[in-house]
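All remarks here apply to the structure that follows.
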Amino acid sequence: MDLSVVFLGTGGSVPSARRATACLLIRAGGARVLVDCGEGAQRQMIHSTGLVPVDEIYLTHYHADHYLGLPGLLKTYDLQDRSRPLRIVGPVGLHALFDALRRIFGKLRYEVELVELDPGDALEHDGFEMRAFAVEHGMKALGYAFVEPERPGRFDVASARSAGITDPHDFGRLQRGETIAVDGSEVKPDQVMGQARPGRKLVITGDTAPSEMTRVAAHEAQLLIHDGTFAVEEAQRAAETGHSTARDAAQLAHDAEVSLLAIVHVSSRYNVGAVLAEAKEAFPNTVAPRDFDLVEIPFPEKGEPHLVPDGARQRPEPLAEPAPTAAD
């Protein structure tokens, strides 16, 4: 399946003219998963992909710049007569957050399922799972790893035919793991199937200081999206506030052997290019996406993940709905 990440909000704690606060959209086949929902999230969608009817929203933690977009998005879905349920996931404290937010968005006519996760928990999906891991931000906070299972190896037609198998239905049975009987002998799947191929891994930290748990969760990930709030000159402040320097994020990406690092949440006090240059000294394959950029993540045997500038606007959602007008 196709896999990409749309960067809807890449800025720090305060929105700027060019960067909104934290919000990412994972597009995995037909699944649409939002990670964090900063202020103006729905307008960021409208200006790029179209207003996406997401399946799930994952919150990394409960600082306002990571959830202030929720009330407006939930209410807009209601105005659009959304009927299918929406699952919202976060660390412990999610129910308390929603008790407060309901005063803003009121009663919704569709079901909202709230799921609180602890580090190590995982939610299964068709074709992938979302795994929660602990990060270091001075409060209850989680990172999330999108992980696909291993895929079967490639089927070797020539080897199957040399073993006496000619029926295409038997080819399918072998690919599904069944053993085939041919002239009194058995042909097992491992005789005609190549080695299992790895799935893809995408890791999103939210706000965090560099941590060993992140390094473990991100090991050999195709894409790591990591907090890069501070420049090296303010490393002490980064440690005090539970954030990372871009250089620290890059060193972690190097140690975790990831394919591509994307730094986000860079403070508006900096020139992003200068902070990116510091990161590239430790890990050259680092990018600092702008709002509406996307990263495409092919299967490992088909190439490396790559940044598509302004990709969200070039490849909008085919089924996204416009926002309601004032007359509605």
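The values are calculated or read from the model by the stated rules, or taken from the named source; none is laboratory data. Nothing here was measured: the structure is a model prediction, and the numbers come from that model. Here Cβ is always computed from backbone atoms with ideal geometry, including for glycine, and neighbour counts include all displayed protein chains. Heads up: the accessible areas ignore ligands, DNA and RNA and are worked out on the full protein's heavy atoms, side chains in. Shrake-Rupley method; radii C 1.70, N 1.55, O 1.52, S 1.80 Å.
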Express the carbon and sulfur contribution to the solvent-accessible surface of the stretch 1-160 as a percent, rounded to the nearest whole number, probe 1.4 angstrom. 51
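Using only alpha carbon pairs under 8 Å that are at least six residues apart, calculate the relative contact order of the chain and give it in whole percent.
Computed over the chain, the figure is 18 percent.
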What FRET efficiency comes out for Lys75 versus Arg154 if R0 is 41 angstrom and r is the Cβ-Cβ distance? Round to the nearest 0.05. 0.25
Note down the net charge around Glu257, summing +1 for each Lys or Arg and -1 for each Asp or Glu among other residues with Cβ under 10 Å from its Cβ. -1
At a temperature of 10 °C and a viscosity of 1.306 mPa s, determine how fast the stretch 130-219 diffuses translationally according to Stokes-Einstein, using the Kirkwood radius over alpha-carbon pairs as Rh; express D in µm²/s, rounded to the nearest whole number. 99
Within the under-11-Å Cβ sphere about Val287, not counting Val287, Lys/Arg +1 and Asp/Glu -1 give a net charge of +1
Alpha-carbon spread of the stretch 173-247, three principal axes, descending order, Å: 73, 15, 14
Heavy-atom surface of the stretch 1-124, accessible at 1.4 Å and reported per residue (Å²): 40
Quick one: which of 245-251, 136-142 comes out on top by average Cβ neighbours within 10 Å, and what's the full order, highest first? 245-251, 136-142
Beyond 20 Å, what percent of the Cα pairs of the stretch 196-325 remain? 46
Taking every Cα atom in the stretch 67-159, find the radius of gyration and the maximum pairwise distance Dmax, and write them in Å. 18.2, 65
Here the stretch 1-130 gives, from Cα atoms, an Rg and Dmax in Å of 14.1, 39
Relative contact order (percent, whole number), the stretch 140-256, Cα cutoff 8 Å, 6+ residue spacing: 25
Please report the net charge: other residues with Cβ closer than 11 Å to the Cβ of Ser211, K and R +1, D and E -1. -3
With a 1.4 Å probe and all protein chains left in place, how much of the accessible area of the stretch 185-328 comes from carbon and sulfur atoms, in whole percent? 50
Roughly how much of Glu150 is accessible, in Å² to the nearest 10, using a 1.4 Å probe? 140
Please report, to two decimal places, log10 I(q)/I(0) for the chain at q = 0.10, 0.14 Å⁻¹ as given by the Debye formula with identical point scatterers on the Cα atoms and no solvent. -0.61, -1.04
